[in-house]
Structures are given as C-alpha cells and as structure tokens.
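First the structure, in the form of structure tokens, and then the observations on it.
The values are calculated or read from the model by the stated rules, or taken from the named source; none is laboratory data. Computed from a predicted model, the values in this text were never measured in an experiment. Note that we place each Cβ from the backbone using ideal geometry, even for glycine, and neighbour counts take in every protein chain shown.
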Amino acid sequence: MTKNNLIKNIVLILLYAIFTLIIILHHEIWEDEAQAWLVVRDLNLSGIFFHVRTEGHPLLWYILLTPFAKLHLPVLSMQIINWFFITLGAGLFLFKAPFNTLCKISVLSSSAFLYWYSAFARSYCLIPLLIFAIAIFYKKQKEHPYIYVILLTLLAHTHVVMLGFCAALTLIFMIKVLKDKKRKDYIIPIVVAILGLLACAGYVYGSQNENLIVKQNMPVFSWHKVIDVYENTVFNVYGYANKFFISVFSIFLLFTACVLFFKSKKLLFIFLTNTIFIFSIFIFVWNSLPQRAYLILIIPVFCLWIVYNEIKSQKLKIVLNILMSITFLISLPNAWDMIKQDYKYPFSDGKNAAEFIKKNIPPDAFIVSNYPITTTPISAYLPKEKWKFFYTGYNDFYTYTIWTKNILPQNTPVPLIDLLQKHKEVYVLMSYENFYTDIEPIYSSNPNSMVFTERYKIYKFPVVIYK
C-alpha cells in the first residue's frame with residue numbers, strides 16, 4: 001500500500017468512526033438490544049448459560065458483554081463495544097479488501113454499515129469483522145490452520161444464521177487438508193472446527209422447543225411465502241421492494257454466482273450454501289430483519305474478494321466494482337432517513353421512561369406491566385435491583401424476558417382489582433395497548449418514538465391528580 005493510500009484510508013476510517021459514534025450516542029436501545037444486556041447483568045454465569053439457550057442465539061455476544069455488565073457500567077458501554085467491533089471490521093475492509101476506493105466507500109456508506117450494524121448493539125457487529133478476517137486468511141488456511149478454524153468457530157458462535165456459511169467453509173477446509181501429504185498436522189484444527197460447529201448447533205437447536213413464543217409462531221411453508229420472504233429481504237436492505245431494488249439485488253447475486261462458476265466452484269458452493277441456508281432461516285424460523293438480510297449481500301463480497309485478483313479482465317473488474325457499488329450505495333437514502341429520525345426522535349422511549357421512574361417513583365414501588373417483551377429497554381436504563389416490574393403472566397418480578405414462562409397476549413388487561421387488594425399503591429406500566437382511556441397517565445411517551453410498541457404510559461392507582 002502506497003503512502004497516499006494509507007493516509008486516505010486512515011482519513012476514511014476516522015470519518016466513519018466519528019460519524020457512527022455520533023449516531024450511537026443519539027440512539028436509545030430497544031428490546032432486542034436491552035435483552036442481552038439484562039441477561040448478563042442480572043444472572044450469574046450458570047444462569048446466563050441456561051437462559052441464553054432459549055434465546056435462540058449462541059453465547060459469544062453475551063460472553064463479551066458479561067465483564068462490562070458485572071462491573072455495573074451503564075448500558076452505553078454495550079453500545080461502545082458494538083461501535084468498536086463494527087469500526088474494526090470497516091477498517092479491515094478499507095485496508096485489506098482488493099476493490100477500488102469508490103467501491104469500498106459505497107459498501108461502508110450502505111445502511112448496513114452506517115446504521116444497522118453500527119447503531120444497534122447486537123451480535124451482528126462481530127459478523128463483518130470475522131468474515132473479512134476469514135477472507136484474509138482464506139488462501140492461507142493451510143499455513144495458519146489454527147487461526148483459520150478459530151475465526152470460523154467464533155463466527156459460528158455470533159449468530160445461528162452463520163452456521164451454513166461456516167459449515168461450508170469447514171467442509172472445504174477438510175477436503176483441502178485431507179489431500180495434503182501432511183494431513184496429520186491438520187487433525188486437531190479439523191476437530192476444533194467440527195466441535196465448534198456441533199457445539200453451536202446443539203446449544204441453539206437443542207432448546208428450540210423451550211421457547212414458548214417460538215412454539216406459538218412456527219411458520220408454515222408455502223411457495224407464496226418464499227416470494228414474500230425474498231421481497232421482504234429486499235425491503236429490509238433498501239427500505240423499498242419495488243422492481244428496481246429487487247432487480248439490482250437479484251442481478252448482484254446472479255453476477256456473483258456467474259463469476260464464481262468460472263473462477264471457483266468451491267466458493268460457488270460456499271455462496272449457494274449460505275444463501276439457501278439464510279433464506280431457509282427466514283422462511284422457517286425468523287423474519288428477515290435488516291441486519292440478517294444484509295448477510296445475503298456480505299457473503300458475495302467475501303467470495304468476490306477472494307477471486308478478485310484471479311480475474312484477468314480489467315473490464316470485468318470495472319463491472320464488478322460498479323455493480324457492487326450500486327448494490328450497496330442505493331441503500332444510502334434509506335439509511336439517511338433512518339439516521340435523521342433516530343437523531344431527532346427517540347428510537348425507543350425506554351430511556352426517557354426510565355428517567356421519569358427514577359425521579360418520580362420510589363425504588364420499592366409496586367409496578368406491574370402488561371407485556372414484558374417491550375419493557376426491557378426501561379429496565380436496561382434503571383439500576384440493578386431497583387424498580388423491578390411485576391408481570392402476572394410470570395406471577396413474578398422481572399427485568400429481562402423469560403421465554404420459558406407464559407407470555408399473555410399484549411391486549412390482556414392487568415388484573416388491577418386483585419392487585420389493589422394486596423398493595424396500597426399500584427403503578428401500571430403500559431406498552432402500546434391503552435386500557436385506561438378515561439384516566440390521565442402520570443407519564444406518556446413521545447408519540448414520535450420510532451418503535452411504536454415502546455411508547456409507554458404509566459398510571460398510578462388509586463388515581464391521583466398530577467398538575
């Protein structure tokens with residue numbers, strides 16, 4: 001790398017880091033982010049291990065958060081950790097990817113890197129970093145087998161959607177090293193890779209029947225649903241799913257498949273395995289959130305990265321860079337709209353509601369909620385062991401969502417009469433639903449909060465008049 005390129009990349013990564021840091025400092029976490037923080041903050045190590053099984057996620061993200069949560073640091077520390085890893089991944093891409101500068105800027109200017117992976121503190125921030133690190137070591141896997149399989153194992157334990165990709169890479173690695181005369185030297189790395197995959201799959205899939213919400217909402221397969229899932233994936237990437245965006249998305253995938261067909265059948269196998277596996281997850285298990293949807297595009301970037309220097313035609317390289325740039329850059333308007341809204345309005349009103357509770361409600365007050373899933377952001381901004389909420393579905397106090405216990409429909413009324421017989425004062429925390437239209441709440445969320453299920457109302461019974 002020339003000195004000019006080095007300076008240019010340093011400036012670009014600094015701009016990226018500063019811009020995304022500003023975004024996260026104005027982003028209020030919502031339920032999916034809060035859940036992980038509360039689990040590691042409020043459970044001991046064995047409790048974390050047994051609970052996370054029911055989340056449907058591997059443990060890696062929770063392990064990374066645990067030291068910071070146990071030190072009683074504010075939840076902002078989780079957001080900073082997220083920002084650090086996604087910035088590291090962006091830097092790796094800028095400094096090591098073989099694509100031209102415009103293409104790299106376009107990828108990092110997509111809604112994935114500017115917003116969804118940077119603003120939302122979840123395990124997805126680890127995925128680009130590990131994928132790009134694997135791309136660097138892909139052709140050196142026989143020279144550095146332990147580093148390679150450790151990266152594969154870590155990636156597998158970020159999120160279940162990466163299991164297909166990691167399984168395909170592991171299989172290709174096994175085939176390569178078994179043909180080597182020194183294949184005995186690779187036995188331990190192969191065993192590590194296989195055990196890492198099996199441990200992740202067994203941990204996540206072995207407990208899928210314990211999550212009552214998942215059992216209640218198991219998807220039913222149909223070919224019509226396959227089309228809906230594809231369109232929904234495009235929508236989650238771009239914010240739109242019209243013919244133009246579906247065409248660009250599809251052309252990029254087909255272009256990648258064609259290039260790999262002529263340049264590397266192994267990478268074509270990896271690309272197809274990942275694509276089919278992730279779409280299967282969308283169809284049969286989870287919906288296609290933006291962070292998951294973008295993984296359909298990031299794996300082609302990984303594959304094209306590896307074969308890029310083997311492409312002799314400069315015209316084909318130009319087409320590749322242009323097509324990749326367009327595919328990612330056209331999501332920028334949607335990213336900018338989301339960033340402006342998140343900057344102007346609360347993403348979730350959990351932080352504001354928590355501040356009101358700390359100032360106006362005693363720490364030992366009896367607060368009952370109507371739905372535990374959507375109140376976790378409030379708990380994440382409250383100190384540990386104070387202001388726990390009671391939920392009648394659990395018949396217990398809670399901070400995080402307990403998936404193995406009964407969660408009543410969100411429109412189920414709070415049994416207020418029974419509770420008032422046991423407690424002189426009852427605070428009712430409502431999320432989304434509103435059962436008390438004739439009573440003035442003591443707190444009401446900003447109606448512009450972006451997550452409508454996390455717009456709260458708090459009532460005090462017996463009824464008091466607040467001036």
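Here are some notes:
- The number of residues in region 137-153 being in contact with a helix residue (DSSP H, G or I) (Cβ under 8 Å, 6 or more places away or on another chain) and surrounded by fewer than 19 Cβ atoms within 10 Å (Cβ to Cβ) comes to 8.
- Odd one out for residue 378 among (1) over 25 Å from the mean Cα position of the chain (by Cα); (2) of a type outside the set (Asp, Glu); (3) under 19 Å from residue 43 (Cβ atoms): (1)
- Checking region 100-116 against the condition returns no match, with no residue being closer than 29 Å to residue 405 by Cβ and in the same structural domain as residue 153 (by TED's automatic domain parsing).
- Failed criterion for residue 19 (all others in (1) in contact (Cβ under 8 Å) with a residue 24 or more places away in the chain; (2) surrounded by 19 or more Cβ atoms within 10 Å (Cβ to Cβ); (3) not charged (D, E, K, R) hold): (2)
- The criterion of at least 3 residues that are surrounded by fewer than 22 Cβ atoms within 10 Å (Cβ to Cβ) is met by the following strands (runs of 3 or more DSSP E) wholly inside region 300-418: 396-398.
- In region 381-392 there is no residue that is within 30 Å of residue 280 (Cα to Cα) and modelled with pLDDT of 95 or more.
- Screening residue 253 against (1) among the aliphatic types (A, V, I, L, M); (2) more than 20 Å from the chain's Cα centre (by Cα); (3) crowded, with 20+ Cβ neighbours inside 10 Å leaves a single unmet condition, (3).
- Residue 102 fulfils the conditions (1) in contact (Cβ under 8 Å) with a residue 40 or more places away in the chain; (2) buried (at least 18 other Cβ atoms within 10 Å of the Cβ) except for a single criterion, (2).
- Among residues of region 58-96, those that are aliphatic (A, V, I, L, M), in contact (Cβ under 8 Å) with a residue 12 or more places away in the chain and closer than 30 Å to residue 201 by Cβ, counted: 11
- Residue 280 vs. criteria assigned by TED's automatic domain parsing to the domain that holds residue 71, within 22 Å of the chain's Cα centre (by Cα), part of a loop (DSSP other than H, G, I, E, B) and hydroxyl-bearing (Ser, Thr, Tyr): no
- Boolean, residue 121 is among the aliphatic types (A, V, I, L, M), over 18 Å from residue 299 (Cβ atoms), within 20 Å of the chain's Cα centre (by Cα) and surrounded by 22 or more Cβ atoms within 10 Å (Cβ to Cβ): yes
- The helices (runs of 4 or more DSSP H) found wholly in region 1-106 and carrying at least 3 residues that are more than 30 Å from residue 238 (Cβ to Cβ) occupy 3-25, 31-42, 45-52, 60-70.
- Of residues in region 430-448 being within 14 Å of residue 378 (Cβ to Cβ) and in contact with a Phe, Trp or Tyr (Cβ under 6 Å, 6 or more places away or on another chain), the one surrounded by the most Cβ atoms within 10 Å (Cβ to Cβ): 431
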